[in-house]
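Notes follow once the structure below has been shown.
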Amino acid sequence: MEQRAYFGVEGIDSIVAQGLRFGSQVLVQGETGVGKTVLAGEFIKEGLICGDTCIYVACDEPPAVMREHLLGFRVSARAYEETGRLVFVDAYDQEWSSEKYRINDHGNLDKYFALEKQILQGYSGQRVRLVVDSLSTMLTGLEANEIIDFHKNRLKFLRKNGILTMDIFVNDVLDPKVMTSAAHLYNVILKMNFGGSAIRPIRMLQLGKVKSGKFTANQYMFNIHPVFGIVVALDLEVLG
Ligand SMILES: Nc1ncnc2c1ncn2[C@@H]1O[C@H](COP(=O)(O)OP(=O)(O)OP(=O)(O)O)[C@@H](O)[C@H]1O
Ligand SMILES: [Mg+2]
């Protein structure tokens, strides 16, 4: 039977009850501080538990921050790194980084794609999850054509090689038109944003697809719990 994968967040997994195919591509898009990196941590934890190899490209914070997040979820990143099941790419651009894989020039997409391919080829035939947090950082300041070209080629390669990909985008970093074109290329789109009022903000998520330029999905409230991570209120569906 074909292997399916899950996010590792109960509320989200019950929405995508059939799971995700390896080779599918998930776009996570949302406001800063909403919980995208927490979600990425849970997605990686789920992969490690299920025997997948997980690759985390840290662009917005050093890899140490994700190691800490994982520890908060009772996962020892170091132990998995030693057995080669968890790989960090330091794209945070710190000169003193001692990480094995480093990218220190954001915007050099050829170099990034070459490194990504090189790492992935070492895991050929295995179940691999790849998380880029955030891909929008890597694409900042580049021409629309360059972004779309990179995007098409990269996602084609990842799909062909059965890599389960989670690309994270921070809201309002890229031009909205580029963002919409990019979003078309993903199988699943997860939007995470704040709703409610400035005094009482509420975290909301939507899971769906872009079709003919339109994003349609149901909307749910969620919280972030220090131990359980993202907790979705499935019984409180909000009209989108
Ligand atoms: N392990 C944790 N347990 C509980 N709360 C956490 C945990 N990690 C982060 N948080 C809280 O969750 C919020 C969201 O954090 P997160 O880093 O996931 O946001 P983000 O969407 O990735 O933001 P950015 O776009 O700035 O990277 C933070 O405000 C933080 O207070
Ligand atoms: Mg983050």
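The values are calculated or read from the model by the stated rules, or taken from the named source; none is laboratory data. Treat the numbers as computed from the prediction; the structure is a model and nothing was measured. So basically every Cβ, Gly included, is an ideal-geometry build from the backbone, and we count neighbours across all protein chains shown. Just so you know, the surface numbers come from the protein's heavy atoms only, side chains and all, with ligands and any DNA or RNA stripped out. Shrake-Rupley method; radii C 1.70, N 1.55, O 1.52, S 1.80 Å.
Summary table below
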| read-out | value |
| --- | --- |
| Count - residues of segment 115-156 that are closer than 27 Å to residue 176 by Cα and part of a helix (DSSP H, G or I) | 19 |
| Matching strands (runs of 3 or more DSSP E) fully within segment 160-240 where at least 1 residues are surrounded by fewer than 13 Cβ atoms within 10 Å (Cβ to Cβ) | 188-196, 201-211, 214-225, 229-238 |
| Condition met for residue 2 (in contact (Cβ under 8 Å) with a residue 60 or more places away in the chain and in contact with a Phe, Trp or Tyr (Cβ under 9 Å, 6 or more places away or on another chain)) | no |
| Residue identified as away from ligand 2 (no atom under 16 Å from the Cβ) and within 13 Å of residue 229 (Cα to Cα) among 85, 74 | 74 |
| Residue selected from segment 41-60 under the condition of a type in the set (Val, Ile, Thr) and closer than 21 Å to residue 102 by Cβ, by the criterion farthest from ligand 1 (Cβ to nearest atom) | 53 |
| Considering residues of segment 81-99 that are in contact (Cβ under 8 Å) with a residue 12 or more places away in the chain and touching a Phe, Trp or Tyr at 6+ places or on another chain (Cβ under 8 Å) only, the residue farthest from residue 48 (Cα to Cα) | 91 |
| Selection status of residue 114, modelled with pLDDT of 95 or more and small (Gly, Ala, Ser) | yes |
| Index of the failed condition, residue 105 passing every other in (1) open to solvent by less than 10 Å² (accessible area, probe 1.4 Å); (2) outside any helix (DSSP H, G or I); (3) not β-branched (Val, Ile, Thr) | (1) |
| Residues of segment 190-210 satisfying the condition of being over 19 Å from residue 134 (Cα atoms) and free of Cβ contacts under 8 Å to residues at least 60 places away in the same chain | 195, 196, 197, 198, 199, 200, 201, 202, 204, 208, 209, 210 |
| Some residue of segment 16-36 being of a type in the set (A, V, I, L, M), more than 14 Å from ligand 1 (Cβ to nearest atom) and free of Cβ contacts under 8 Å to residues at least 12 places away in the same chain | yes |
| Unique match (being under 18 Å from residue 139 (Cβ atoms), of a type outside the set (Gly, Ala, Ser) and under 19 Å from the mean Cα position of the chain (by Cα)) among 65, 87, 75, 57 | 57 |
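Every residue, every condition in (1) closer than 24 Å to residue 47 by Cα; (2) away from ligand 2 (no atom under 16 Å from the Cβ); (3) of a type outside the set (D, E, K, R), yes or no:
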| site | (1), (2), (3) |
| --- | --- |
| 89 | yes, no, yes |
| 94 | no, yes, yes |
| 101 | yes, yes, yes |
| 105 | no, yes, no |
| 109 | no, yes, yes |
| 115 | yes, yes, yes |
| 127 | yes, yes, no |
| 133 | yes, no, no |
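Results for (1) under 21 Å from residue 184 (Cβ atoms); (2) in contact (Cβ under 8 Å) with a residue 12 or more places away in the chain; (3) open to solvent by less than 60 Å² (accessible area, probe 1.4 Å), shown as yes or no for each residue.
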{"position": "124", "(1), (2), (3)": "no, yes, no"}
{"position": "127", "(1), (2), (3)": "no, yes, no"}
{"position": "133", "(1), (2), (3)": "no, yes, yes"}
{"position": "136", "(1), (2), (3)": "yes, yes, yes"}
{"position": "155", "(1), (2), (3)": "yes, yes, yes"}
